[in-house]
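The values are calculated or read from the model by the stated rules, or taken from the named source; none is laboratory data. Bear in mind that the values here come from a model prediction, so they are computed numbers and not experimental data. Don't worry about glycine lacking a Cβ; one is built from the backbone with ideal geometry, like all the others, and counts go over all protein chains shown.
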Amino acid sequence: MTAYRHKKSLGQHFLHDPGYLASIVAAIRPEADDLMVEIGPGQGALTRPLLAKLRHLQVVEIDRDLVAHLSQAFPPERLTIHRADALRFDFGSLGAALRVVGNLPYNISSPLLFHLADYANEIKDLHFMLQKEVVDRMAAAPDTPDYGRLSVMLQARFQVAKLFNVPPGAFNPPPKVDSAVVRLVPLPVEAIPYRDAGRFAEIVARAFGQRRKTLRNTLRGLIEPEQFEVLGIDPQRRGETLSVDEFSRLANH
Ligand code: SAM
(Lines give C-alpha, C1' and ligand atoms only; values in the text may rest on other atoms or scores of the structure.)
Protein backbone atom coordinates (compact mmCIF):
# COMPACT_ATOMS: atom_id res chain seq x y z
CA MET A 1 0.00 0.00 0.00
CA THR A 2 1.71 3.21 -1.08
CA ALA A 3 1.63 6.68 0.52
CA TYR A 4 -0.79 5.66 3.25
CA ARG A 5 -1.22 8.41 5.86
CA HIS A 6 -1.47 6.88 9.34
CA LYS A 7 -4.45 8.00 11.35
CA LYS A 8 -3.20 8.80 14.83
CA SER A 9 -6.75 9.05 16.16
CA LEU A 10 -7.28 5.35 15.29
CA GLY A 11 -4.08 4.27 17.06
CA GLN A 12 -2.49 3.15 13.80
CA HIS A 13 1.00 1.73 14.38
CA PHE A 14 1.70 -1.07 11.94
CA LEU A 15 3.96 -4.00 12.85
CA HIS A 16 6.83 -4.51 10.46
CA ASP A 17 9.44 -6.54 12.38
CA PRO A 18 9.38 -10.10 10.95
CA GLY A 19 10.90 -11.57 14.15
CA TYR A 20 8.19 -10.18 16.41
CA LEU A 21 5.45 -11.08 13.90
CA ALA A 22 6.73 -14.67 13.91
CA SER A 23 6.84 -14.72 17.74
CA ILE A 24 3.23 -13.49 17.96
CA VAL A 25 1.99 -16.12 15.50
CA ALA A 26 3.99 -18.81 17.37
CA ALA A 27 2.34 -17.71 20.66
CA ILE A 28 -1.14 -17.89 19.07
CA ARG A 29 -0.47 -21.34 17.54
CA PRO A 30 -3.22 -21.15 14.87
CA GLU A 31 -4.74 -24.47 13.73
CA ALA A 32 -6.19 -24.67 10.20
CA ASP A 33 -9.84 -24.98 11.30
CA ASP A 34 -9.79 -22.46 14.17
CA LEU A 35 -12.62 -19.94 14.27
CA MET A 36 -10.54 -16.76 14.60
CA VAL A 37 -11.21 -13.03 14.46
CA GLU A 38 -8.53 -10.34 14.25
CA ILE A 39 -9.37 -6.89 15.63
CA GLY A 40 -7.76 -3.98 13.75
CA PRO A 41 -5.94 -5.83 10.93
CA GLY A 42 -4.61 -2.55 9.50
CA GLN A 43 -2.54 -3.28 6.41
CA GLY A 44 -2.54 -7.00 7.19
CA ALA A 45 0.86 -7.43 8.87
CA LEU A 46 -0.52 -10.13 11.18
CA THR A 47 -3.39 -11.16 8.89
CA ARG A 48 -1.00 -12.55 6.27
CA PRO A 49 1.02 -14.94 8.49
CA LEU A 50 -2.19 -16.01 10.26
CA LEU A 51 -3.81 -16.86 6.93
CA ALA A 52 -0.75 -18.90 6.03
CA LYS A 53 -1.88 -21.28 8.81
CA LEU A 54 -5.66 -20.86 8.79
CA ARG A 55 -8.21 -21.86 6.17
CA HIS A 56 -10.29 -18.78 6.95
CA LEU A 57 -10.08 -15.63 9.07
CA GLN A 58 -12.50 -12.87 10.04
CA VAL A 59 -11.39 -9.30 10.73
CA VAL A 60 -13.03 -6.24 12.30
CA GLU A 61 -11.59 -2.96 10.99
CA ILE A 62 -13.10 0.52 11.35
CA ASP A 63 -11.03 2.38 8.73
CA ARG A 64 -12.67 2.53 5.29
CA ASP A 65 -9.33 3.00 3.46
CA LEU A 66 -7.81 -0.05 5.15
CA VAL A 67 -10.93 -2.13 4.47
CA ALA A 68 -10.62 -1.25 0.76
CA HIS A 69 -6.96 -2.29 0.82
CA LEU A 70 -7.66 -5.58 2.64
CA SER A 71 -10.49 -6.54 0.27
CA GLN A 72 -8.08 -6.17 -2.66
CA ALA A 73 -5.23 -7.97 -0.95
CA PHE A 74 -7.13 -11.08 0.22
CA PRO A 75 -9.80 -13.19 -1.52
CA PRO A 76 -13.23 -13.18 0.21
CA GLU A 77 -13.28 -16.97 0.58
CA ARG A 78 -10.21 -16.69 2.84
CA LEU A 79 -10.93 -13.40 4.62
CA THR A 80 -14.30 -12.10 5.86
CA ILE A 81 -14.06 -8.36 6.53
CA HIS A 82 -16.43 -6.67 8.99
CA ARG A 83 -16.16 -2.91 8.60
CA ALA A 84 -17.19 -2.02 12.14
CA ASP A 85 -16.24 -0.46 15.45
CA ALA A 86 -14.88 -3.31 17.59
CA LEU A 87 -16.28 -1.57 20.70
CA ARG A 88 -19.81 -2.16 19.38
CA PHE A 89 -19.24 -5.37 17.42
CA ASP A 90 -21.31 -8.41 18.45
CA PHE A 91 -18.53 -11.00 18.86
CA GLY A 92 -21.18 -13.53 19.95
CA SER A 93 -22.53 -13.52 16.37
CA LEU A 94 -19.37 -15.22 15.06
CA GLY A 95 -19.91 -18.55 16.86
CA ALA A 96 -18.58 -20.51 19.82
CA ALA A 97 -14.98 -21.33 20.78
CA LEU A 98 -13.91 -18.08 19.13
CA ARG A 99 -10.22 -17.16 19.14
CA VAL A 100 -9.64 -13.39 19.25
CA VAL A 101 -6.33 -11.78 18.29
CA GLY A 102 -5.07 -8.30 17.51
CA ASN A 103 -2.49 -5.58 17.74
CA LEU A 104 -5.03 -3.28 19.34
CA PRO A 105 -5.52 0.47 19.08
CA TYR A 106 -4.10 1.46 22.49
CA ASN A 107 -6.45 4.40 23.01
CA ILE A 108 -9.47 2.08 23.37
CA SER A 109 -7.84 -0.95 24.99
CA SER A 110 -9.55 -0.87 28.42
CA PRO A 111 -13.13 -0.39 27.11
CA LEU A 112 -12.45 -3.02 24.44
CA LEU A 113 -11.27 -5.55 27.08
CA PHE A 114 -14.41 -4.90 29.15
CA HIS A 115 -16.58 -5.28 25.99
CA LEU A 116 -14.90 -8.60 25.14
CA ALA A 117 -15.29 -9.84 28.73
CA ASP A 118 -19.06 -9.84 28.06
CA TYR A 119 -18.47 -12.61 25.47
CA ALA A 120 -16.14 -14.70 27.65
CA ASN A 121 -18.48 -17.71 27.47
CA GLU A 122 -18.22 -17.82 23.66
CA ILE A 123 -14.45 -17.23 23.58
CA LYS A 124 -11.71 -19.87 23.63
CA ASP A 125 -8.78 -17.48 24.07
CA LEU A 126 -7.53 -13.97 23.31
CA HIS A 127 -4.03 -12.83 22.28
CA PHE A 128 -3.38 -9.10 22.19
CA MET A 129 -0.58 -6.65 21.69
CA LEU A 130 -1.16 -3.76 24.07
CA GLN A 131 0.69 -0.97 25.76
CA LYS A 132 3.13 -2.71 28.15
CA GLU A 133 1.86 -0.67 31.08
CA VAL A 134 -1.69 -1.97 30.47
CA VAL A 135 -0.49 -5.59 30.25
CA ASP A 136 1.42 -5.12 33.53
CA ARG A 137 -1.81 -3.88 35.14
CA MET A 138 -3.84 -6.76 33.71
CA ALA A 139 -1.45 -9.40 35.07
CA ALA A 140 -0.53 -7.69 38.39
CA ALA A 141 -0.63 -9.51 41.75
CA PRO A 142 -2.29 -8.02 44.88
CA ASP A 143 -0.35 -5.44 46.88
CA THR A 144 1.85 -4.38 43.96
CA PRO A 145 1.81 -0.89 42.40
CA ASP A 146 0.17 -2.10 39.13
CA TYR A 147 -2.69 -3.96 40.86
CA GLY A 148 -6.07 -2.27 40.37
CA ARG A 149 -9.61 -2.54 39.06
CA LEU A 150 -8.46 -3.83 35.64
CA SER A 151 -6.39 -6.63 37.27
CA VAL A 152 -9.23 -7.81 39.51
CA MET A 153 -12.02 -7.57 36.91
CA LEU A 154 -10.02 -9.49 34.28
CA GLN A 155 -8.42 -12.08 36.61
CA ALA A 156 -11.89 -12.94 38.01
CA ARG A 157 -12.97 -14.00 34.52
CA PHE A 158 -9.72 -14.99 32.73
CA GLN A 159 -6.40 -16.62 33.32
CA VAL A 160 -4.08 -13.73 32.34
CA ALA A 161 -0.51 -14.38 31.14
CA LYS A 162 1.97 -11.75 29.99
CA LEU A 163 4.04 -13.34 27.18
CA PHE A 164 6.75 -10.88 26.04
CA ASN A 165 7.60 -7.22 25.52
CA VAL A 166 7.85 -5.56 22.10
CA PRO A 167 9.90 -2.35 21.59
CA PRO A 168 8.61 0.75 19.70
CA GLY A 169 10.99 0.05 16.77
CA ALA A 170 8.93 -3.01 15.75
CA PHE A 171 6.15 -0.66 14.53
CA ASN A 172 5.77 1.94 11.84
CA PRO A 173 5.38 4.68 12.98
CA PRO A 174 6.92 3.74 16.35
CA PRO A 175 4.60 4.42 19.31
CA LYS A 176 5.89 6.50 22.26
CA VAL A 177 5.42 3.56 24.65
CA ASP A 178 6.66 -0.01 25.02
CA SER A 179 4.25 -2.79 24.09
CA ALA A 180 3.65 -6.34 25.28
CA VAL A 181 1.77 -9.44 24.16
CA VAL A 182 -0.76 -10.97 26.55
CA ARG A 183 -2.85 -14.16 26.53
CA LEU A 184 -6.27 -14.40 28.19
CA VAL A 185 -8.08 -17.70 28.61
CA PRO A 186 -11.63 -17.58 30.03
CA LEU A 187 -12.03 -19.50 33.29
CA PRO A 188 -14.53 -22.36 33.16
CA VAL A 189 -17.90 -21.20 34.53
CA GLU A 190 -17.50 -23.31 37.70
CA ALA A 191 -14.20 -21.53 38.48
CA ILE A 192 -15.67 -18.00 38.38
CA PRO A 193 -15.36 -16.91 42.03
CA TYR A 194 -18.30 -14.47 42.25
CA ARG A 195 -22.03 -15.21 42.08
CA ASP A 196 -23.36 -11.81 40.96
CA ALA A 197 -21.25 -10.00 38.34
CA GLY A 198 -22.89 -6.59 39.01
CA ARG A 199 -22.32 -6.79 42.77
CA PHE A 200 -18.70 -7.90 42.27
CA ALA A 201 -18.05 -5.01 39.85
CA GLU A 202 -19.57 -2.52 42.30
CA ILE A 203 -17.43 -3.69 45.25
CA VAL A 204 -14.26 -3.62 43.13
CA ALA A 205 -15.03 -0.15 41.73
CA ARG A 206 -15.74 1.22 45.23
CA ALA A 207 -12.61 -0.35 46.74
CA PHE A 208 -10.34 1.16 44.08
CA GLY A 209 -12.26 4.46 43.75
CA GLN A 210 -10.25 5.84 46.66
CA ARG A 211 -7.14 3.69 46.69
CA ARG A 212 -5.59 5.05 49.90
CA LYS A 213 -8.71 4.53 52.01
CA THR A 214 -9.51 1.47 54.12
CA LEU A 215 -12.23 -1.02 53.18
CA ARG A 216 -14.24 0.13 56.20
CA ASN A 217 -14.50 3.55 54.48
CA THR A 218 -14.77 2.63 50.81
CA LEU A 219 -17.38 -0.11 51.41
CA ARG A 220 -19.37 1.78 54.06
CA GLY A 221 -23.09 1.10 53.55
CA LEU A 222 -22.35 -2.08 51.55
CA ILE A 223 -20.52 -4.20 54.16
CA GLU A 224 -21.00 -3.68 57.90
CA PRO A 225 -18.00 -3.90 60.29
CA GLU A 226 -19.25 -7.19 61.84
CA GLN A 227 -19.62 -8.75 58.39
CA PHE A 228 -15.90 -8.17 57.76
CA GLU A 229 -15.23 -10.16 60.93
CA VAL A 230 -17.40 -13.08 59.77
CA LEU A 231 -15.50 -13.14 56.46
CA GLY A 232 -12.11 -12.97 58.20
CA ILE A 233 -11.10 -9.80 56.31
CA ASP A 234 -9.62 -6.92 58.30
CA PRO A 235 -11.61 -3.73 57.48
CA GLN A 236 -8.45 -1.68 58.09
CA ARG A 237 -6.92 -3.15 54.93
CA ARG A 238 -6.97 -1.22 51.66
CA GLY A 239 -8.60 -2.65 48.53
CA GLU A 240 -5.26 -2.93 46.75
CA THR A 241 -4.19 -5.68 49.20
CA LEU A 242 -7.19 -7.96 48.53
CA SER A 243 -6.97 -11.02 46.27
CA VAL A 244 -9.64 -11.77 43.65
CA ASP A 245 -10.99 -14.48 46.00
CA GLU A 246 -11.26 -12.05 48.90
CA PHE A 247 -13.16 -9.56 46.70
CA SER A 248 -15.46 -12.42 45.69
CA ARG A 249 -16.07 -13.38 49.35
CA LEU A 250 -17.12 -9.79 50.06
CA ALA A 251 -19.39 -9.69 46.99
CA ASN A 252 -20.94 -13.11 47.70
CA HIS A 253 -21.67 -12.34 51.34
N1 SAM B 1 -2.79 -5.22 13.05
C2 SAM B 1 -2.11 -4.17 12.32
C3 SAM B 1 -0.63 -4.30 12.51
O4 SAM B 1 -0.23 -4.96 13.49
O5 SAM B 1 0.14 -3.74 11.73
C6 SAM B 1 -2.61 -2.77 12.73
C7 SAM B 1 -2.54 -2.45 14.18
S8 SAM B 1 -2.92 -0.76 14.61
C9 SAM B 1 -2.12 -0.66 16.19
C10 SAM B 1 -4.63 -0.78 15.12
C11 SAM B 1 -5.67 -1.02 14.04
O12 SAM B 1 -6.99 -0.97 14.63
C13 SAM B 1 -5.69 -0.01 12.91
O14 SAM B 1 -5.81 -0.69 11.69
C15 SAM B 1 -6.96 0.83 13.16
O16 SAM B 1 -7.53 1.38 11.99
C17 SAM B 1 -7.87 -0.19 13.80
N18 SAM B 1 -8.90 0.39 14.70
C19 SAM B 1 -8.82 1.51 15.46
N20 SAM B 1 -9.95 1.69 16.17
C21 SAM B 1 -10.76 0.63 15.87
C22 SAM B 1 -12.07 0.26 16.29
N23 SAM B 1 -12.78 0.98 17.17
N24 SAM B 1 -12.62 -0.88 15.77
C25 SAM B 1 -11.92 -1.64 14.86
N26 SAM B 1 -10.68 -1.32 14.43
C27 SAM B 1 -10.10 -0.20 14.92
Worksheet entry | One residue from 136, 245 being part of a helix (DSSP H, G or I) and within 30 Å of residue 18 (Cα to Cα) | 136
Worksheet entry | Residue that is of a type in the set (A, V, I, L, M), within 26 Å of residue 119 (Cα to Cα) and in contact (Cβ under 8 Å) with a residue 12 or more places away in the chain, where the choices are 177, 204, 166, 230 | 204
Discussion item. If I filter segment 166-174 for residues that are more than 19 Å from the chain's Cα centre (by Cα), assigned by TED's automatic domain parsing to the domain that holds residue 20, aromatic (Phe, Trp, Tyr) and part of a strand (DSSP E or B), do I get at least one hit?
Written reply: yes
Practice prompt. Give me the pairs, please: first residue somewhere in segment 1-29 and acidic (Asp, Glu), second residue anywhere and modelled with pLDDT of 95 or more and in a helix (DSSP H, G or I), beta-carbon distance under 7 Å, and either six or more positions apart or on two chains.
Written response: 17/170
Worksheet item: Counting only residues that are more than 15 Å from residue 241 (Cα to Cα) and of a type in the set (Lys, Arg), how many does segment 115-167 have?
Response: 4
